[in-house]
Every structure is written in structure tokens, then in C-alpha cells.
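Everything below concerns the one structure shown next.
The values are calculated or read from the model by the stated rules, or taken from the named source; none is laboratory data. This structure is a prediction, so every number in the text was calculated from the model and none was measured. Using ideal geometry, Cβ is built from the backbone for each residue, glycine included, and neighbour counts are taken over all protein chains shown. Areas reflect the complete protein model, heavy atoms only, side chains present, ligands, DNA and RNA absent. Shrake-Rupley method; radii C 1.70, N 1.55, O 1.52, S 1.80 Å.
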Number of protein chains: 2
Amino acid sequence: MTEKTFTESIEMYLKTLAEAGLGEPIAIGKIAEKLNITPVSANEMVQRLSRQGLVRHTPYKGVELTKKGRGVAVDVIRRQRLWECFLLEHLNLEWSQVYDFACSLEHATAPIVTEALAKFLGFPKTCPHGNPIPDENGNFEILDGIPLPAIEVGKNVIVQSIKHPPGDVLAYLQERNIMPGQQLQIAEVAPMEGPLTLEINGREVALGLNIAEFVNVTLCEE
Amino acid sequence: MTEKTFTESIEMYLKTLAEAGLGEPIAIGKIAEKLNITPVSANEMVQRLSRQGLVRHTPYKGVELTKKGRGVAVDVIRRQRLWECFLLEHLNLEWSQVYDFACSLEHATAPIVTEALAKFLGFPKTCPHGNPIPDENGNFEILDGIPLPAIEVGKNVIVQSIKHPPGDVLAYLQERNIMPGQQLQIAEVAPMEGPLTLEINGREVALGLNIAEFVNVTLCEE
DNA sequence: TAAAATGTTATGGCTGCCCTTATTATTCCA
DNA sequence: TGGAATAATAAGGGCAGCCATAACATTTTA
């Protein structure tokens with residue numbers, strides 16, 4: 001077993017790559033933006049990761065996780081999402097806050113602790129934001145949710161998951177009850193990339209397109 | 001409020017100082033030994049801590065926590081001991097392992113999480129090793145236990161607490177059932193700084209003096 | 001197809017925290 | 001009281017991970 005241990009910084013890079021999409025290469029600029037560092041620094045670091053066989057970097061094309069890198073990333077994500085469950089369900093912390101708190105804890109969690117935590121929680125399948133929690137072997141189901149902006153006006157949908165957004169957007173969503181399990185309807189789509197108007201529990205709520213991209217929903221059958 | 005945040009390294013120095021005794025100054029050499037670094041490095045770091053007002057360093061005399069430093073140290077200790085309780089009682093991890101696991105988590109735990117954890121655990125008064133858990137304001141009771149080597153032969157005692165020992169000593173103690181709450185008797189004291197012979201649950205157990213120093217006990221009343 | 005946007009490389013610098021080696025100062029103890 | 005042990009200081013170094021600035025390469029797009 002290559003049971004190595006990686007720095008917090010490395011784990012954050014790998015997690016960021018995994019969260020950004022496990023298919024296509026990610027632009028270095030995007031990584032830099034998400035990690036709040038300069039593109040030059042991101043470039044440096046990507047080279048280090050490349051040397052360690054954790055990512056594959058095609059200049060001017062982007063960065064991809066290798067199998068090894070993906071394995072680490074999935075493990076980090078597992079740890080984080082388990083902690084999110086614990087913090088929300090057992091410590092009763094705010095839905096909008098558990099991501100950040102769990103992000104600190106994830107880097108300080110040994111494998112034995114991770115597995116004991118998973119058992120304690122009853123092996124949850126998803127985190128409080130609706131995203132899947134990989135199992136001990138790194139396997140997880142890919143969600144079938146659709147980004148909210150792709151839904152037609154008038155359709156009833158249920159929020160399935162929230163992709164991790166930047167800044168205080170989670171608190172913004174929580175205030176408006178846009179959380180997994182919530183049913184809502186698209187009441188109106190403003191022209192010129194304008195906001196969506198949603199109907200949630202009988203109330204009208206406007207939601208910018210950029211934010212709506214982070215909300216994945218499934219159609220209600222009726 | 002000076003609600004600053006400190007590096008993991010700084011927290012470890014301060015915690016080490018607090019654990020080594022909250023009275024007299026600690027020699028730099030001792031700190032270096034406990035943190036597994038060279039005395040030169042420890043000296044450097046102590047100067048940094050001094051500049052930040054966290055410790056008071058009297059050359060050739062030793063290092064002491066300032067009020068500010070003690071506050072941080074007590075907070076770190078609170079976090080660690082709460083996690084120890086959680087890891088032992090809820091995740092069912094080994095008594096001998098929870099100290100180290102908690103030590104990683106303690107540096108990644110925000111105040112809100114600490115308080116929520118304390119509430120979840122029911123505000124425990126001591127950690128699994130019998131050491132007091134400071135409350136939210138940093139107050140805690142000082143234990144009245146006596147180091148095992150100070151007890152006379154023949155006396156019945158109950159283990160009150162285990163000071164944190166180096167290396168694998170906790171596993172060694174756990175194997176021999178020397179844990180808080182355990183009743184035992186000093187059967188024999190070998191001459192020339194030789195080991196103690198203890199009677200535990202009808203079995204005889206030899207325990208070196210150096211290790212016994214870490215075991216605090218109270219006399220059984222009868 | 002040329003300008004704008006983005007990515008890459010080079011250079012130099014910074015901080016935190018650790019290291020070694022060597023010299024000097026102080027304290028402790030026999 | 002003098003040598004051993006311990007502590008302090010100095011000088012030089014390393015590594016991780018970030019920064020800025022500048023020059024240059026490639027890709028995108030208008």
C-alpha cells in the first residue's frame with residue numbers, strides 16, 4: 001500500500017480538481033481562483049503535483065487527476081462529507097457552515113478515525129448538501145440531478161444537491177430554503193441572462209443565474 | 001477580543017508547556033525533547049513566542065506561559081480532551097490511541113465546533129485519561145492525585161489519571177489495565193530505583209519507576 | 001488575422017519552522 | 001572551585017508554499 005500522507009495544501013488542490021469535475025481537464029486559472037492564490041503559484045504547485053504523479057498537466061490545456069490523485073481526492077472528499085454529516089446532525093451546526101468546518105477537520109483525520117466515524121454515522125450515502133459520500137473503496141454513485149437553469153418554466157422540481165459555491169452563497173441559499181429535499185417551481189425566467197423567479201412554499205424568490213448553476217434538481221413526477 | 005488564530009506548531013509548544021506543569025519555568029531542553037526537535041530550534045521558536053507575548057523566557061532559567069499563552073494552551077487542551085471523549089465513547093477507538101488522534105483534530109477545531117462538541121458530550125469534566133477538561137472560560141479543577149511512586153507498600157489505591165507519557169507507553173498501560181478507575185495495590189518496591197510490583201485484579205504486574213511517575217492515584221478509604 | 005485573454009517560465013523574495021555546526025555563557029555538582 | 005552539563009547565540013541551509021514582476025507562448029474571439 002502507498003499509504004502515504006499528503007500536506008493540507010496538496011489535499012486541497014486534489015479536492016478542488018475533483019470537485020470541479022471528474023472528466024475534463026481543468027484550467028490552471030480556475031484552480032487558482034478557487035484556491036484564492038495567484039495563477040503563477042498554482043502553476044508551480046501543479047508541477048510539484050505532477051512530479052508526484054498525482055496530476056497530469058498538458059500545457060495550455062489543463063490539469064487532470066491521475067488515478068492516484070483521484071484516489072487521494074476521493075478519500076479527502078469522503079472525510080469531509082462524513083464530518084459534514086456529523087457536524088449537522090449531531091452537533092447541530094448551521095447547514096451553511098458545516099462545509100467549512102469539515103474542511104478543516106478533513107485534513108486532520110486518520111483512516112481509522114474516518115472509518116469509525118462512518119460507522120458511527122451509519123454509513124450515510126450523501127452529505128448535507130446532497131453530494132454523494134464515497135465508500136471505503138472510493139466508489140460512489142454519480143448524481144442524476146440537472147442544473148436549475150436547464151429546467152423549463154412551470155416545472156415542479158425537488159432540489160437534489162448543491163455544488164459547493166464560493167463565498168457566502170450557502171448562507172444565502174439556506175435563508176431562502178434552497179436546500180436538498182426542498183420542492184420548488186420555476187415561475188419565471190427573466191430575459192438577458194436575468195434571474196430566475198422561483199416559487200418556494202408559496203413564496204416568490206429571485207435567484208441569479210450564476211447561483212442557480214450550483215443547484216441541481218430532479219423533476220417531480222406527477 | 002484578541003480572537004487570533006495560531007499555527008499548529010505554536011499550539012503544540014503552548015500545550016507542551018501547559019502539560020509540563022503550570023507552575024515553574026520549563027527548561028528549553030525539556031521542550032525540545034517532548035516536541036522531538038533540537039534545542040536550537042526550540043530556542044528559536046521560544047523567542048518567537050516571546051515576541052508574541054505568549055511566553056516569558058528567562059535565559060538559563062526556563063520558559064513560562066504568560067497569561068495570554070496560558071489562555072491559548074488551556075483552550076487547545078480543552079479541544080483535545082473533548083475530542084478524546086468523543087473518539088473513545090462514540091467512535092469506540094482505543095483508549096491508548098485517542099490522545100494522538102485528538103491531537104490532530106484539536107488544531108482544526110473552531111470555537112463554535114468546540115462548544116457544540118462539549119454540549120454534545122454533555123460537558124464532560126475529565127478526559128479518558130482522567131485529566132480535567134477546562135470549561136469554556138478556561139477554568140478547571142486541579143487534581144489531587146498522587147504519583148504512584150509516592151505511595152507506600154500495601155496501600156490500596158485507585159488510578160485517578162495518567163499524565164501524557166512519551167511513545168507507546170499508553171498502549172503498555174492499557175494492556176496492563178492501568179487506567180483511571182482501576183483499583184490496585186503496591187505489592188513491592190524493588191531497591192535501587194527498581195520497578196514497583198503492583199497487584200491488579202489478583203495478578204502481579206511489574207512497573208518501572210519512570211512509567212509509574214505518570215500514574216496518579218488516590219488512596220482508597222476503607 | 002490580429003488583438004485580447006490566458007497560460008507558462010524565469011527571477012527574486014518572503015515566512016514559518018526546522019536542521020547542522022561551532023562558539024560562548026551560565027549553572028550545577030562533585 | 002573547576003569540569004560537566006546545559007543553555008544561548010551565530011551563521012548558513014533546506015523545504016513548502018506562497019508572493020510580485022516581467023517576458024514570452026499559445027489559444028480564443030471578434
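Write down Rg/Rh for the stretch A:146-219, rounded to two decimals, with Rg from the C-alpha atoms and Rh from the Kirkwood relation over Cα pairs. Kindly include the intermediate steps, with their values, before the conclusion.
Values: Rg = 10.9 Å, Rh = 12.0 Å.
Answer for the stretch A:146-219: 0.91.
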Rounded accessible area of A:Ile178 (nearest 10 Å², 1.4 Å probe): 0 Å²
Using alpha carbons only, how many degrees (0 to 90, rounded to 10) separate the axis of helix A:8-19 from the longest principal axis of chain A? 40 degrees
Given a 1.4 Å probe, how much area per residue of chain A is accessible, in Å²? 53 Å²
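Averaged across the residues of A:89-98, what count of C-beta atoms belonging to other chains lies within 10 Å of each residue's C-beta?
Numbers: counts 0, 5, 11, 3, 5, 1, 0, 0, 3, 1.
Taking the mean over all residues of the peptide, I get 3.
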Restricting things to alpha carbons, find the Rg to Rh ratio for the stretch B:44-89 using the Kirkwood radius for Rh. 1.18
Measure nothing fancy, just the Cα-based angle from helix A:111-121's long axis to the longest principal axis of chain A, in degrees from 0 to 90, nearest 10. 30 degrees
Mind checking the mean number of beta-carbon atoms from other chains within 10 Å of the Cβ atoms in B:107-116? 5
What net charge do the residues around B:Leu88 carry, taking every other residue with its C-beta under 12 Å from that of B:Leu88, with Lys and Arg at +1 and Asp and Glu at -1? -2
Between B:Glu141 and the same site in the other copies, what are the distances in nm, shortest first, taking label points 7 Å from Cα along the C-beta direction? 5.1
Which one of B:Tyr60, B:Tyr172, B:Tyr13 has the biggest mean-square fluctuation once chain B is modelled by GNM with Cα springs under 10 Å? B:Tyr60
To the nearest 10 Å², what's A:Ser9's accessible area with a 1.4 Å probe? 60 Å²
Could you sort out which of A:Lys125/B:Lys163; B:Lys119/B:Lys155; A:Lys4/B:Lys61; B:Lys61/B:Lys163 sit more than 31 Å apart by Cα distance in this structure? A:Lys125/B:Lys163; B:Lys119/B:Lys155; A:Lys4/B:Lys61
Mind checking the dipole of the protein assembly as shown: about its Cα centre, +1 per Lys or Arg Cβ, -1 per Asp or Glu Cβ, Debye to the nearest 20? 1260 debye
Identify which of A:Gly202, A:Gly138, A:Gly29 has the largest mean-square fluctuation in a Gaussian network model of chain A, with springs joining Cα atoms closer than 10 Å. A:Gly202
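Estimate for me the total accessible surface buried between chains A and B (protein heavy atoms, probe 1.4 Å, no ligands or nucleic acids), in Å² to the nearest 100.
On the way: alone 12570 and 12570 Å², together 23650 Å².
What A and B bury together is about 1500 Å².
Within the accessible area of the stretch A:1-140, what % is carbon and sulfur when the probe is 1.4 Å and the other protein chains stay in place?
Numbers: 3610 of 7090 Å².
For the stretch A:1-140, the apolar C and S fraction of the accessible surface comes to 51 percent.
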Sorting A:Thr7, B:Thr197 on solvent-accessible surface, 1.4 Å probe, most exposed first, gives A:Thr7, B:Thr197
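Taking K and R as +1 and D and E as -1, what net charge do the other residues with C-beta under 11 Å from the C-beta of A:Pro149 add up to? If you can, show how the numbers build up before the last one.
Details: positive: none; negative: A:Glu152, A:Glu193, A:Glu213.
Net of charged neighbours comes to -3.
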Say a label goes 7 Å from Cα toward Cβ at A:Ile158 in every copy; what distances in nm does this one have to the rest, shortest first? 5.3
Report the net charge of residues surrounding A:Val72, where surrounding means a beta-carbon distance below 9 angstrom and charges are Lys +1, Arg +1, Asp -1, Glu -1. +2
What do you get when you divide the Cα radius of gyration of the stretch B:1-140 by 2.2 N^0.38 Å, with N the number of residues? 1.05
Show log10 I(q)/I(0) for the protein assembly as shown at q = 0.06, 0.12, 0.14 Å⁻¹, two decimals, from a solvent-free Debye sum over equal Cα scatterers. -0.35, -1.12, -1.34
Normalized C-alpha radius of gyration of the stretch A:66-222, against 2.2 N^0.38 Å? 1.12
Using packing as a proxy for protection, rank A:181-187, A:119-125, A:78-84 so that the peptide with the highest average count of other Cβ atoms within 10 Å comes first. A:78-84, A:181-187, A:119-125
How far is helix A:39-51 tilted off the main Cα axis of chain A, in degrees rounded to 10, range 0 to 90? 50 degrees
